[in-house]
Amino acid sequence: MDVALAQNEPHAETDVPANLDMDGATVVGCLLDTHDQVLSLIARDAELAECLKVIAVALSSLYGGAACLIVALDPDDGGIWSGASTSSSLGLVLQELLESSAAGDPKAISACLEQTQLNLGGQHRVHNHAGEPLGDLIVVESSPGVLPVVDPKALNSLKLLTSYAIDSTRRTRALLSAKERFSALAKNIPGVVYQRVVRPNGDIGYTYISEAAEDLFGVSPEEILSDPQALFDCHGPDYYATFRDRLLSASRALQLWDVEATIITRDGTRKFTHAIARPHREADGSVVWNGVILDQTRIKEAEIEAAAASTRTRDAIIESIPQAFALFDSNDRLVTWNSRFLELYPELGDTIAYGTSYENLLRAEIKVGIDPVPDDKTFDQHAFERMEQHHLSGHVLQRRLPNGRWILINEHRTGDGGVVVLHTDITELKDREAALARSNRELEAFASIASHDLQEPLRKVEAFGDRLKRKYEPELGDDGKMYIDRMQNSVVRMRALINDLLDYSRVTTKGKPFQPIDLNEVLEDVVSDLEVRIEEVEGEVTVAPLPVVDADRTQMHQLFQNLVSNALKFHNPDQSPKVQIRAEMVDLGQHVKQRCCQIEVSDNGIGFDMKYADRIFGIFQRLHSRAEFEGTGIGLATCRKIVERHHGLIDVKSVSGEGSSFTIELPIRHARTDTAGA
């Protein structure tokens, strides 16, 4: 057995390991140095313990200076026959393991560490290419959970090197010459091992390349040694066109060679390689490169498939978008689009293609009549104006196609300077808007009829009733008088109904633009208008401070007058009505929060059963007979229509016999585009 023990501990096991923060280049350099030293030791036929000591030091560096132990297992009985450590305490553990017959068991190693009060931070078993266990890489931590995270590739590199060192030592015992030992070394390295020389005159040649070259490139080592071009030809013209200049530059600077490449073997197979080599300069000025070429094909193919899957997912998402979709990069070049785009604009089939500029696509739209030139502009003027609009952030445009369909175009700038363009077919929305406009015109016509034609017959009925009652009252008798009174009362109710219907219809047809309105002033006017009614019922109206909102002042007055007058009307006969109005500011909205005021109008009136809560906002809906309470059943329907026109909500809670509370939510501010017809 052979053992390599540390003479001086870098620090005690109770110390927290220093975090060396090794970057990628440092890790690669450390691994290459370790490879060089171990290969050099093996070439000199050094003891295995010396090789393992070098690897243990590298392992300690990866783990921030933590104490490390490497043991080699005997292939016959599984016991430990060699090892190395980076601290004297682990050296004692190694000595005990070497003397133990069951030392190769991972549990035995862990138990031995526990007996010496050392914390096992990690134990990594090393196998050869046949899967046979060769040894263990053991890391001890000063306290649980303080070890740094190590790149699995770097750790795997040391495991492969340990595997090679142990396996090589086994094999070198049977080898008779240094040439055979080196061949075995190169053959067992996972990859193509090579030595390349760049002469001072720029000539490039190989002094050694392992047999794995034939498996990877399909070219024999002998052919490469005699003619390096045989290897270069596998890389293709694009790679080789810059290869010589890059290699000469790296040779002058003695820079690490770390290059990925795509090769085509002689049988036509595409493979991906990763070459890593370190240079050193000889006395004659030649630069010798010692390196390895790894087969990265499986990793690269997995990456390519993952990228393809990502592309397929992206394309599926784009195709699922119901709008026509187009994406332009930061240079205004078309990147991708969905099939809906060509369905909407079949005339652009010959123009739309990857890399098409936004301006060329826009000009094609104008040319085929999708975006016709206005009569007062030239083609170029219209194109220039459209490009100016395109450069604005959040550009929105509506257009009507020659086939009569309406399209809404939204452009959104991305974080990297690109543009997402969505074309939404809004024809149905436009049709509904046209239908709404027709409905509003019909309502205006109704209002005209109601305010003139329907009122005139009522005035005549009322006038003839008055004449009949005044001129023929003695002859009418009690029944005749009763009939005339009922007729005149019906005229009054009919006039009230017509006026209420007029108010309801005019909410949208005669609405005024929204302006900042002080609701305190509105409520003062409402209370003043109802002053006589308040005195008649001995009521009380209390108004807390209210905010300023964007609204139609006339409709706000109508809204609160309807609510307050209802509260005064529907009161308990044995109790004076009390109406309270208060407000608070809230943020409402499921996705985008909007500042709103929440106004509550509550009373102590007769209330109602909540099963009728939805019904009371319907037109002509009454919960009481005319004999109990006067009214047309339109007031609350008008209130709801006013609130909805202001993009708000109205709700009610009530308890029969105790009173009702109406809650109104109104936005504080509206977009300036809100108008009377909103």
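Pairs LYS187/LYS271; LYS578/LYS653; LYS53/LYS153; LYS569/LYS611; LYS512/LYS578: which are spaced more than 23 Å apart, C-alpha to C-alpha? Intermediate results must be reported in sequence, preceding the final value.
Values: LYS187/LYS271 20 Å; LYS578/LYS653 16 Å; LYS53/LYS153 20 Å; LYS569/LYS611 21 Å; LYS512/LYS578 32 Å.
Cα-Cα > 23 Å for LYS512/LYS578; rest within.
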Requested in this report: Using a 1.4 Å probe over the heavy atoms of the protein chains, calculate the carbon and sulfur portion of the accessible area of region 34-177 as a whole percent.
Outcome: 50 percent
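With every protein chain kept in place and ligands, DNA and RNA left out, what is the accessible area per residue of region 248-364? Probe 1.4 Å, answer in Å². Spell out each step's value before the answer.
On the way: 6510 Å² over 117 residues.
Value returned for region 248-364: 56 Å² of accessible area per residue.
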Query raised in the report: Along the Cα-to-C-beta direction of ARG405, a point sits 7 Å from the Cα; which residues of region 411-439 have their amide N less than 15 Å from that point?
Result: 422-431
Report summary line: For region 37-158, shape from the Cα gyration tensor axes a ≥ b ≥ c, cut at a/c of 1.5 then a/b versus b/c, turns out rounded
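Which GluC sites (Glu not before Pro) does region 277-330 hold that lie in a coil by DSSP with at most 12 other beta carbons within 10 Å? Spell out each step's value before the answer.
On the way: sites: GLU282, GLU301, GLU303, GLU305, GLU319; in loops: GLU282.
Answer in residue order: GLU282.
Roughly speaking, to the nearest percent, how much of region 284-431's 1.4 Å accessible area is carbon and sulfur? Write down the numbers at each step before the final one.
Working: 4350 of 8270 Å².
In region 284-431, the share of accessible area belonging to carbon and sulfur is 53 percent.
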Query raised in the report: How high is the relative contact order of region 50-166, in percent, with contacts defined as C-alpha pairs under 8 Å that are six or more residues apart?
Result: 28 percent
Requested in this report: Would you list, by chain and number, the lysines whose Cα falls below 19 Å from the Cα of LYS377, excluding same-chain residues fewer than 8 positions away?
Outcome: LYS367
Query raised in the report: Between region 61-109 and region 528-569, what's the alpha-carbon centroid distance in Å?
Result: 92 Å
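The values are calculated or read from the model by the stated rules, or taken from the named source; none is laboratory data. Predicted, not measured: the structure shown is a model, and the values here were computed from it. Heads up, the Cβs are rebuilt from the backbone with ideal geometry, glycines too, and the neighbour counts pull from every protein chain shown. For the accessible areas, the whole protein counts, side chains as well, though only heavy atoms, and no ligand, DNA or RNA atoms are used. Shrake-Rupley method; radii C 1.70, N 1.55, O 1.52, S 1.80 Å.
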